[in-house]
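The values are calculated or read from the model by the stated rules, or taken from the named source; none is laboratory data. As the structure is a computational prediction, the values presented were derived from the model and not from experiment. With ideal geometry, Cβ positions are generated from the backbone for all residues, glycine too; neighbour counts draw on all protein chains shown.
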Amino acid sequence: MTRAQWAILIWLERQPGISQKELSEILEVEPITVARLIDRLEGRGMVERRPDPRDRRIWRLHLLPPAHDVLHEIDEQRTDMTRIVTIGLSEASIETMTEALLRMKATLTQESHAARRAAEARMTAAPDSVSPEAV
């Protein structure tokens, strides 16, 4: 199982019934990428798509029982890794480090979103044709 598939299972555990589109936005990948990953997880009997009762164009994603065994394994591995990487660190140091990393992640996310919005704005503002001076 890939890390991308793990990420999907973790998000589906957190937000049962999320749509493929919402999941692609959270993971910051193209919807087709999520669709292919869901196809694989569905083939393994871990995820199922259910039509949204209010909008049949939307597929809601739900975990199936076999996914819970994998999620338990993921949780154990994360716990073990956390224990290993924090050996010799005080609780206060771990807390400070965690806060700093979360702040850095938030900053990177904000910058990434701002850059994406700026790029989209440039694309929509770009002229449809090239001016003679540019050639």
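Please verify whether L101 is in a helix (DSSP H, G or I), of a type outside the set (F, W, Y), touching a residue at least 40 places away in the same chain (Cβ under 8 Å) and surrounded by 10 or more Cβ atoms within 10 Å (Cβ to Cβ), treating the condition exactly as stated.
no
I'm trying to understand the selection: among the residues of segment 31-52, which are more than 17 Å from H68 (Cβ to Cβ) and among the acidic types (D, E)?
D39, D52 - these are the residues of segment 31-52 that are more than 17 Å from H68 (Cβ to Cβ) and among the acidic types (D, E).
Is it true that V34 is out of contact with any strand residue (DSSP E or B) (no Cβ under 7 Å at 6 or more places or on another chain) and assigned to a helix (DSSP H, G or I)?
Yes.
What number goes with the only condition from (1) assigned by TED's automatic domain parsing to the domain that holds L23; (2) modelled with pLDDT of 90 or more that R56 does not pass?
Among (1) assigned by TED's automatic domain parsing to the domain that holds L23; (2) modelled with pLDDT of 90 or more, R56 violates only (2).
In segment 74-81, is there at least one residue being in the same structural domain as I26 (by TED's automatic domain parsing), among the hydroxyl-bearing types (S, T, Y) and part of a helix (DSSP H, G or I)?
For segment 74-81, residues in the same structural domain as I26 (by TED's automatic domain parsing), among the hydroxyl-bearing types (S, T, Y) and part of a helix (DSSP H, G or I): present.
Just checking, which of D80, D52 is acidic (D, E) and touching a strand residue (DSSP E or B) at 6+ places or on another chain (Cβ under 8 Å)?
D52
State all residues of segment 40-72 that are assigned to a helix (DSSP H, G or I) and surrounded by 12 or more Cβ atoms within 10 Å (Cβ to Cβ); if no residue qualifies, say none.
Passing the criteria: R40, L41, E42, P66, A67, H68, V70, L71.
Say we look at segment 4-18 and pick out the residues that are free of Cβ contacts under 8 Å to residues at least 24 places away in the same chain and touching a Leu at 6+ places or on another chain (Cβ under 9 Å); which of these is farthest from V34 (Cα to Cα)?
So the residue we want is Q15.
Could you say whether any residue in segment 16-32 is assigned by TED's automatic domain parsing to the domain that holds P66, surrounded by 14 or more Cβ atoms within 10 Å (Cβ to Cβ) and under 15 Å from E73 (Cβ atoms)?
Scanning segment 16-32, I find no residue that is assigned by TED's automatic domain parsing to the domain that holds P66, surrounded by 14 or more Cβ atoms within 10 Å (Cβ to Cβ) and under 15 Å from E73 (Cβ atoms), so the answer is no.
Which of (1) surrounded by 12 or more Cβ atoms within 10 Å (Cβ to Cβ); (2) not in a helix (DSSP H, G or I) is the odd one out, the single condition W6 does not satisfy?
It fails just one condition, (2).
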